[in-house]
Amino acid sequence: MAAHLETELNAAVNVINATGGKGVTGHSRALSARPDGYTLGMTTLELNMMHWSGLTTMDIDSCIPLMSINEDYAAIFVLADSPWQNVKELEEDIRQRPGELTASGTSAGGAWHLALAGWLIEAGLQAEDVTWISSTGSGPSLQDLLSGGVDMVCCSLPEATTLLEAGKIRALGVMSPQRAKGYEEVATFAEQGTDWSLGGWRALALPKGTPPEIQEKILNALHRIVTGQTKVAETTFPEFMEKSGFDYTYRTGEELDRFLRETDAKFGKLLTSEAMQSVNQDPFNPMTFLWIIMGLMAVTVGAIVVQAQFQRTRESGESSVEKIPISARGVISCLLILGTIAAYAFFAETVGFISLCFASMLVLMLWMGVRPLWAFVCSLAFTLSIYQLFTLALRVPLPRGWIGW
């Protein structure tokens, strides 16, 4: 899509994958960008889910949906030599030994987790009867399946095409109203006795406030692309999607708005139901760790203040306590530390982790009397080290802000 847009808009289109936060990170970056037409968000099914889960206030009214370009339904995959031949056999095995089997496909509470949990509930089981192993996506989950780390994977059919064609895994069923195009050999859940369907969608959207003329220009370009009027490497967008095994249903205008609102209502009913509470709720609120850090900082600052105010002095005959006044510099130092924490909490998404962390460290070190050159080098080294630790080692995305860092 980005390659086709480049030819239609005659401008470079860079793709930025902002993962994490169960979809909050990417959607927040796209929908809170300047409404100047230079940021186009690929919104997904999570936009129908996140606000019902209490992760964010963003919903379908937080953006300007231009066009949906894809709909793919969830499916259950097992190893090729698995004893289960269909959904019913798997369902009965789960019923016989609840909690023993494991599954993966995305993060806990993500779209594919919800698809699996919804099926279990529809079949009269509990959502936790299959233990969900959180992962960063379908790719790592399928590798875990091959290595025996999990018993099944829930994701879309196109995401597993390579392994399906290689004969390493089998699809027991797809959660779609009818058999998926290109995968006609995979029976639907409804055909196997469970009337359950759930799938993902992808739609391109602009931030609220984008001028109508910009909306129209981009929408016209998208229409030419999805109807096969453009080519990249002698291939149209529909040809690429079909060859890759992806659905390429597109919707615009009132049809898209109705589809999004109907899907939102469906998830609202599902995610607020009593049966889904174990899946819908995380053990910790998104702000839990921030409050823990701020609480520890408050305790530390309080201890420093008490120690400075009532410091024990030498004993002469009997113990004496001498009050030591708090200096103005000490107060400013405490306020600077607390200010940097508050600044990160409120401005990190806008400014970006690297920029804000570097600036905060530099200011603090200069205030503490560190030589400017050493303060600059240490601040830069510390910031980049923390960024690499979280994004590469721990795979936790950090805010990128205005300029991407």
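Every read-out reported here was derived from the displayed coordinates using simple, explicitly stated rules and does not represent laboratory data. Bear in mind the structure is a predicted one, so any value in this text is a computation, not a measurement. Don't worry about glycine lacking a Cβ; one is built from the backbone with ideal geometry, like all the others, and counts go over all protein chains shown.
Do the alpha carbons of any pairs in K168/K269; K217/K266; K243/K266; K22/K88; K88/K269 sit beyond 28 Å of each other, and which pairs? Walk me through the intermediate numbers first.
Numbers: K168/K269 37 Å; K217/K266 32 Å; K243/K266 31 Å; K22/K88 30 Å; K88/K269 26 Å.
Distance filter (> 28 Å) returns K168/K269; K217/K266; K243/K266; K22/K88.
Put simply, the amide H of G199, placed in the peptide plane, has neighbours under 5 Å in A74, leaving out anything fewer than 5 places away on its chain.
DSSP beta bridges fully contained in the stretch 72-192 are about 60 percent antiparallel. Please identify every one of the GluC sites (Glu not before Pro) in the stretch 166-238 that sits in a loop by DSSP and has no more than 14 other beta carbons within 10 Å of its own beta carbon. Taking the stretch 166-238 and a limit of 14 other Cβ atoms within 10 Å, the loop GluC sites (Glu not before Pro) found are E184, E185, E234. Of the residues G182, G228, A160, the one whose Cα sits farthest towards the positive end of the charge dipole of the stretch 136-258 is G228 (charges of +1 on Lys and Arg Cβ, -1 on Asp and Glu Cβ, taken about the Cα centre). Between the beta carbons of L9 and A233, assuming R0 = 22 Å, the FRET efficiency works out to 0.80 to the nearest 0.05.
Taking amide H as placed 1.01 Å from N in the peptide plane, C155 has its amide H under 5 Å from the amide H of A75, F77, each at least 5 places away in sequence or on another chain. Computed across the stretch 1-113, the Kirkwood hydrodynamic radius from all distinct Cα-Cα pairs reaches 17.3 Å. From least to most packed, judged by other beta carbons within 10 angstrom and beginning with the fewest, S134, S379 follow the order S134, S379. Whole-Hz Karplus values for the stretch 178-185 come out as 9, 4, 6, 5, x, 10, 4, 6 Hz, taken residue by residue from phi with 6.51 cos²θ - 1.76 cosθ + 1.60 and θ = phi - 60°; glycine and proline positions read x. Computed over the alpha-carbon pairs of the stretch 1-48, the distance histogram in 10 Å steps reads 24, 49, 25, 2 percent, short to long.
Rounded to two decimals, the Cα radius of gyration of the stretch 72-192 over 2.2 N^0.38 Å is 0.94.
With a Förster radius of 51 Å, plug the Cβ-Cβ distance of R261 and L373 into 1/(1 + (r/R0)^6) and report the FRET value to the nearest 0.05.
Values: r = 58 Å, r/R0 = 1.13.
Efficiency, rounded to the nearest 0.05: 0.30.
Could you calculate the FRET efficiency of T162 with Q388 from 1/(1 + (r/R0)^6), where r is the beta carbon distance between them and R0 is 22 Å, rounded to 0.05? Before the final figure, lay out the partial values.
On the way: r = 30 Å, r/R0 = 1.38.
Step by step, r from the Cβ atoms, then E = 0.15.
Report the GluC sites (Glu not before Pro) located in the stretch 1-104 that are in a DSSP loop and have at most 12 other Cβ atoms inside 10 Å of their Cβ, or state none. Taking the stretch 1-104 and a limit of 12 other Cβ atoms within 10 Å, the loop GluC sites (Glu not before Pro) found are E100. Taking label positions 7 Å along the Cα-Cβ direction at both S327 and S244, the computed distance is 6.1 nm, reported to one decimal.
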